[in-house]
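Note sheet for the following structure.
The values are calculated or read from the model by the stated rules, or taken from the named source; none is laboratory data. Here the structure is a predicted model, which is why all the values come from computation and not from measurement. With ideal geometry, Cβ positions are generated from the backbone for all residues, glycine too; neighbour counts draw on all protein chains shown. Just so you know, the surface numbers come from the protein's heavy atoms only, side chains and all, with ligands and any DNA or RNA stripped out. Shrake-Rupley method; radii C 1.70, N 1.55, O 1.52, S 1.80 Å.
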Amino acid sequence: MSSNDPRPIGVFDSGMGGLTVLRALAGRLPQERFVYLGDTARLPYGTKSAETVQAYALQATRLLIEEGVKIVVVACNTASAVALAPLAEALAPVLVIGVIEPGARAGVAATRNNRIAVIATEGTVKGGAYPRAIHALRRGVSVVQQPCQVFVALAEEGWTDASVTVAAAERYLGPLFEGPSAPDTLVLGCTHFPVLASAIRQVIGGHATIVDSAETTAEAVAGALTARVIGNREGGGGTRFLATDSPERFARVGAIFLGRPIDASAVELVDLRSSL
């Protein structure tokens, strides 16, 4: 069965980290169109209450629905952790895909000693979504979580492998990866963290597998497009960028995560209060 559905895929994040997910999506699905929304006026989500994150995420994703998207990708681990179920209910019949379940699935597939470490923001760790998702797939896995809030700022500064970043990685991860009972898999539970992979690798060594949920989320979206027969067969691609504050900063910092320059004049400023 074939179809052609040129509607865009909506991608939502609290800021710019989700551009790592967009980058993976565009690489996996070059024929698709995307609308990316970064709620830069209210980031970070990782230190806010679950109730606040749910409210913000609902406002943001409703705007994407108004843009006519066919799928919503919640490219924010914190929002995926605490708001995915309410979003799926509120936005039905539009499919909502988060980053946690694909990341958990990849982590379970990668581990050989049934020990997985997850690094994330404080909000994601407190929510416990990764251990729940991992244990739903394999009960016997030991999961240790580590909040790494400083990583977010380091990533946004572009200090991807600076000495201060390696020092922070040593502080956060050194104790976790010492000794014979160390995890053999590390799940990057924040979309900011893939750009810090080089510094992280220096600390955890070469034996551990690093799981980037961006790539596995892109595979999940590709599978959903096929299953629902809503792929864009004619191609064309392209992305619209929406931000709730400072298009200039979005473009400057976002280029770090997207891996290519972003024209600030092409970033549209939006007001989510109209989506209340």
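Would you check which residues across the range 252-263 are touching a residue at least 12 places away in the same chain (Cβ under 8 Å) and either assigned to a helix (DSSP H, G or I) or aliphatic (A, V, I, L, M) (or both) and list them? The answer is R252, V253, G254, I256, F257, L258, I262.
Summed over the range 202-233, the residues that are surrounded by 24 or more Cβ atoms within 10 Å (Cβ to Cβ), under 20 Å from V69 (Cα atoms) and at pLDDT below 95 give a count of 1. Residues that are modelled with pLDDT under 95, buried (at least 20 other Cβ atoms within 10 Å of the Cβ) and of a type in the set (S, T, Y) are absent from the range 153-168.
One residue stands out among those in the range 175-196 that are free of Cβ contacts under 8 Å to residues at least 40 places away in the same chain and not acidic (D, E): the one that is nearest to V82 (Cα to Cα), which is P175. Among the residues of the range 142-177, the ones that are out of contact with any strand residue (DSSP E or B) (no Cβ under 8 Å at 6 or more places or on another chain), over 16 Å from M16 (Cα atoms), among the hydrophobic types (A, V, I, L, M, F, W, C) and in a loop (DSSP other than H, G, I, E, B) come to 1 in all. Residues in the range 82-109 that are out of contact with any strand residue (DSSP E or B) (no Cβ under 8 Å at 6 or more places or on another chain) and under 14 Å from L58 (Cα atoms) were compared, and the one that is most open to solvent (accessible area, probe 1.4 Å) is E89. Return yes when V53 is open to solvent by less than 10 Å² (accessible area, probe 1.4 Å), touching a residue at least 40 places away in the same chain (Cβ under 8 Å), more than 17 Å from G223 (Cα to Cα) and more than 12 Å from the chain's Cα centre (by Cα) and no when it is not. Here the answer is yes, as V53 does meet what is asked. Among the residues of the range 234-257, those that are buried (at least 19 other Cβ atoms within 10 Å of the Cβ) and either at positive phi or not aromatic (F, W, Y) (or both) comprise T239, L242, A243, T244, P247, A251, V253, G254, I256. Taking the numbered list (1) aliphatic (A, V, I, L, M); (2) open to solvent by 40 Å² or more (accessible area, probe 1.4 Å); (3) free of Cβ contacts under 8 Å to residues at least 60 places away in the same chain in turn, A199 passes all entries but (2).
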